[in-house]
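Notes follow once the structure below has been shown.
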Amino acid sequence: MEGVFLTLIGAAIFSQSWHILGMYAEGRTMGIIVGALGLISLSAIVLSPVVLTGQSMLIEATVLKTLIALWAVYALAVAAHGIWDLDERAIGFYSAFLALATLIPFIYFAVNLEPRYGTSVWLGLSASTLILTILATVVFFYQAFMLSILRLVSGWFLLLGGAVIGLIGVGIVSATIS
């Protein structure tokens, strides 16, 4: 579940970065790609956990499913913006909520996972949630306040951050991180 989610959300963030950097001729292309990835990532909620096992798996699974649902809704909101050319500020303000909501799983994973699951799982999930928190914060400052000076900064943060999150997801799916 974690690896599939991180791979899909990493790809969605990567695609959104192309739109912010101006590499798509129109927003509909980005909207279709991100919308499809958002819908597929919603299906990751029903998949069984791949990495997390043990006594406290119920708590970790609930935290992960909440995180997946929040980021899937974000991907669908970005898709709606791209397809119907809606106002970007709404995505920016949702990103503020998303940054705070993603900070909670980061703190939970950073404190609780390492003694139970080992260093690689702890580092993979903690790092990915930290990167997601940073990306949501950057999108908030760029799109909510329409600071044009942050366009390239947020675009490159999303581009590199999406790639790193996708690579962490691929590492979890391929059992490199286990």
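The values are calculated or read from the model by the stated rules, or taken from the named source; none is laboratory data. Bear in mind that the values here come from a model prediction, so they are computed numbers and not experimental data. For neighbour counting, all protein chains shown are included, and Cβ atoms are generated from backbone atoms with ideal geometry for every residue, glycine included.
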Among the numbered criteria (1) of a type in the set (Ser, Thr, Tyr); (2) within 15 Å of the chain's Cα centre (by Cα); (3) under 26 Å from Gly22 (Cα atoms), which single criterion is violated by Ser148?
(2)
Scanning the range 66-77 residue by residue, the ones that are crowded, with 17+ Cβ neighbours inside 10 Å and farther than 23 Å from Arg28 by Cα total 2
In this structure, does Ala127 turn out to be of a type outside the set (D, E, K, R), part of a helix (DSSP H, G or I), more than 20 Å from Leu6 (Cβ to Cβ) and in contact (Cβ under 8 Å) with a residue 24 or more places away in the chain?
no
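Here are Trp156, Trp122: which of them is on the phi < 0 side of the Ramachandran plot, in a helix (DSSP H, G or I), surrounded by fewer than 20 Cβ atoms within 10 Å (Cβ to Cβ) and in contact with a Pro (Cβ under 9 Å, 6 or more places away or on another chain)? Write out each step before concluding.
On the way: Trp156 fails: in contact with a Pro (Cβ under 9 Å, 6 or more places away or on another chain).
Answer to the check: Trp122.
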Please determine, by comparing only the residues of the range 5-30 that are β-branched (Val, Ile, Thr) and crowded, with 19+ Cβ neighbours inside 10 Å, which one is farthest from Ser148 (Cα to Cα).
Thr7
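Tell me which residues, restricted to the range 82-115, are in contact with a His (Cβ under 9 Å, 6 or more places away or on another chain) and either crowded, with 20+ Cβ neighbours inside 10 Å or at pLDDT below 90 (or both).
Kept after step one, since they are in contact with a His (Cβ under 9 Å, 6 or more places away or on another chain), are these residues of the range 82-115: 82, 87-88, 90-91.
Scanning the range 82-115 gives Gly82, Asp87, Glu88, Ile91.
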Checklist (1) surrounded by fewer than 19 Cβ atoms within 10 Å (Cβ to Cβ); (2) over 24 Å from Val46 (Cα atoms); (3) in contact with a helix residue (DSSP H, G or I) (Cβ under 8 Å, 6 or more places away or on another chain); (4) without any contact (Cβ under 8 Å) to a residue 60 or more places away in the chain applied to Thr137, failing item
(1)
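Here's the yes/no breakdown for (1) under 12 Å from the mean Cα position of the chain (by Cα); (2) at pLDDT 85 or above:
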residue: Ile20; (1), (2): no, yes
residue: Val34; (1), (2): yes, yes
residue: Ser56; (1), (2): no, no
residue: Val63; (1), (2): no, yes
residue: Leu67; (1), (2): yes, yes
residue: Trp71; (1), (2): yes, yes
